[in-house]
Amino acid sequence: MSDISAEQVVARDFYARSAEEQQDFLTQTWCNQCQEIDLGMIEPQEFESQGRVWIEGKCAKCGEKTVTEIVEEDDE
Ligand SMILES: [Zn+2]
């Protein structure tokens, strides 16, 4: 078996986050399409893969996919 290239992407529950965090992630965005920050995101979905966590959603302005990577300081 080889899983070198097969990234295991796990869906997480964005709504398990605190209301404050949700608010931050939904408002602090970058849209490649609009080339603007903080336009907002709708329909957020949170994912995790190999220690990376990110939220995918749609730009509230143009509907283009936006991705916000989350940096979590998580010492094991
Ligand atoms: Zn946009």
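At 0.36 nm per residue, and after removing the present C-alpha to C-alpha distance, how many nm does the segment from ASP38 to GLN50 gain when stretched out fully?
Gain on extension, ASP38 to GLN50, equals 1.6 nm.
Using θ = phi - 60° and the Karplus curve 6.51 cos²θ - 1.76 cosθ + 1.60, what whole-Hz ³J(HN,Hα) does each residue of region 31-42 get, with Gly and Pro shown as x?
10, 5, 6, 7, 6, 9, 8, 6, 7, x, 10, 10
In whole Hz, with x marking every Gly and Pro, tabulate ³J(HN,Hα) for region 48-64 from phi via Karplus 6.51 cos²θ - 1.76 cosθ + 1.60, θ = phi - 60°.
Those phi angles translate into 9, 7, 6, x, 9, 10, 8, 10, 10, x, 10, 4, 5, 8, 10, x, 6 Hz.
List the extent of the Cα atoms of the chain along each of their three principal axes, largest first, rounded to whole Å.
Computed over the Cα atoms, the extents are 44, 26, 18 Å.
Fewest to most neighbouring Cβ within 10 Å: what's the order for GLU56, GLU73, GLU46?
Least crowded to most crowded, the residues run GLU73, GLU56, GLU46.
Taking H placed 1.01 Å from N in the peptide plane, check which residues at least 5 places from ARG12 or on another chain put their amide H under 5 Å from its amide H.
Sorted by chain and number, the residues that satisfy this are GLU46, PHE47, GLU48.
Pulled fully out, how much extra length does the chain show between ALA16 and GLU73, if you take 0.36 nm times their separation in residues and subtract their Cα-Cα distance?
Separation in residues times 0.36 nm, less the Cα-Cα distance, equals 18.7 nm.
Would you compute, from DSSP H runs of 4+ residues alone, the mean residue ellipticity of the chain at 222 nm, taking -39500 (n - 2.57) per run and dividing by the full residue count, rounded to the nearest 500?
-3500 deg cm²/dmol, from helical runs alone.
Would you mind calculating the relative contact order of the chain from Cα pairs under 8 angstrom and at least 6 residues apart, reporting the percent as a whole number?
Computed over the chain, the figure is 26 percent.
Rule-based calculations on the coordinates, nothing more; no lab input. Being a predicted model, the structure only gives us computed values, none of them experimental. All Cβ positions, glycine included, derive from the backbone under ideal geometry; neighbour counts span all protein chains shown.
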